[in-house]
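*Asks:* Okay, handing you the structure first.
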Amino acid sequence: MIIGIDIGSTTTKAVSIESGRLVGKIKTRASDAVTSATGSFGKMIIENEIKMGDIQGIMITGAGAANIKNDIFGIPTVRIGEIRAIGIGGVFLAGRDHIVIANIGTGTAIIEAGPEGIFHLGGSGVGGGTILGLAKKLLPITDFNGIMELAETGNLNQVDLLLEDIMEADISFLNKESTASNFGKMLDTAGSGDIALGIVNLVYQVIGMLSVFAAKSRNISRVVVTGNGSKNLIGRKILSIITGMYGISFEYPQDAEYTTAVGAGLSWQAGEK
Ligand SMILES: Nc1ncnc2c1ncn2[C@@H]1O[C@H](COP(=O)(O)OP(=O)(O)OP(=O)(O)O)[C@@H](O)[C@H]1O
Ligand SMILES: [Mg+2]
């Protein structure tokens, strides 16, 4: 058995991989990398009743991985680059061998994984952290689920300048309800729900358009969405509107928030240890 640990900027994900299959997964949150790695490892062992002797190795990745310099609890511990881990995990969870991945975590990375290798196409600092940061000052709410519940009640027309606000007819493939300027209207009557929706909309529109450009540049028509941001239902709706306009679809593999950890774990078998 191999344990893959992804020490992300916000959350740490750990998975156990047995004979190339994902058999256990846990998510934790800790303030420092060492506590995250050892804590998630311990939780995995206890919750899944794993015997220490059955673990061949630990693969760690993510923003905090560089802080773990030695073996964890005497088990061979190897570091793998985050971009490679996302690529390997994305191919495995999507079940296809040539994909563009939008990994929506605290920030967003866009990666191509295919027969020719794994390439970091680019990304954006706009991601889940942007939602939490803007919400903290503008709403003010810090609980992620609370922000999403508020956003469900929101009306974009209160905060975004829409095309219908500035012109009569549709413009090219954009319909009248499309955003012309995120937060470009911000009416005095805009409430917390409207602002919450405006924040989520801003983040997913930016990520959606970056993904479209990345996919088109690689001649790929589907983008695999991973990271905790792949679970966001309002975000998925916004991406589906982008699909309607640009013909690039977005797919959400099961366990996509564990993609990076899965890729790290699988890379052991691939001989990258
Ligand atoms: N229940 C939740 N608790 C905390 N954050 C959540 C939750 N659901 C979604 N999120 C969002 O997911 C983001 C974290 O996602 P994820 O765990 O994939 O990132 P990460 O791996 O820590 O960061 P990165 O990959 O950018 O280093 C948070 O910024 C937050 O906006
Ligand atoms: Mg991550």
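*Asks:* Test each condition in (1) over 21 Å from residue 178 (Cα atoms); (2) surrounded by 15 or more Cβ atoms within 10 Å (Cβ to Cβ); (3) modelled with pLDDT of 95 or more for residue 221 and report the one that comes out false.
*Replies:* Unmet for residue 221, out of (1) over 21 Å from residue 178 (Cα atoms); (2) surrounded by 15 or more Cβ atoms within 10 Å (Cβ to Cβ); (3) modelled with pLDDT of 95 or more: (2).
*Asks:* Quick check on residue 217: is it more than 18 Å from the chain's Cα centre (by Cα), assigned by TED's automatic domain parsing to the domain that holds residue 75 and among the hydroxyl-bearing types (Ser, Thr, Tyr)?
*Replies:* Spelling it out, it is not the case that residue 217 is more than 18 Å from the chain's Cα centre (by Cα), assigned by TED's automatic domain parsing to the domain that holds residue 75 and among the hydroxyl-bearing types (Ser, Thr, Tyr).
*Asks:* Let me ask something additional. Looking only at segment 61-80, how many residues end up being within 13 Å of ligand 1 (Cβ to nearest atom) and under 20 Å from the mean Cα position of the chain (by Cα)?
*Replies:* First pass over segment 61-80, keeping only residues within 13 Å of ligand 1 (Cβ to nearest atom): 61-66.
Filter again for under 20 Å from the mean Cα position of the chain (by Cα), leaving 61-65.
Looking only at that region, the number is 5.
*Asks:* Right, something else. When only residues in segment 1-23 that are away from ligand 1 (no atom under 16 Å from the Cβ) and touching a residue at least 24 places away in the same chain (Cβ under 8 Å) count, which is surrounded by the most Cβ atoms within 10 Å (Cβ to Cβ)?
*Replies:* 3
*Asks:* For segment 150-159, indicate whether the set of residues that are at pLDDT below 95, more than 16 Å from ligand 2 (Cβ to nearest atom) and assigned to a loop (DSSP other than H, G, I, E, B) is non-empty.
*Replies:* Within segment 150-159, not a single residue is at pLDDT below 95, more than 16 Å from ligand 2 (Cβ to nearest atom) and assigned to a loop (DSSP other than H, G, I, E, B).
*Asks:* Would you confirm whether any residue within segment 125-147 is surrounded by 21 or more Cβ atoms within 10 Å (Cβ to Cβ) and farther than 30 Å from residue 68 by Cβ?
*Replies:* The answer is yes, given that some residue of segment 125-147 is surrounded by 21 or more Cβ atoms within 10 Å (Cβ to Cβ) and farther than 30 Å from residue 68 by Cβ.
The values are calculated or read from the model by the stated rules, or taken from the named source; none is laboratory data. All figures in this text were calculated on a predicted structure; none of them were measured in a lab. So basically every Cβ, Gly included, is an ideal-geometry build from the backbone, and we count neighbours across all protein chains shown.
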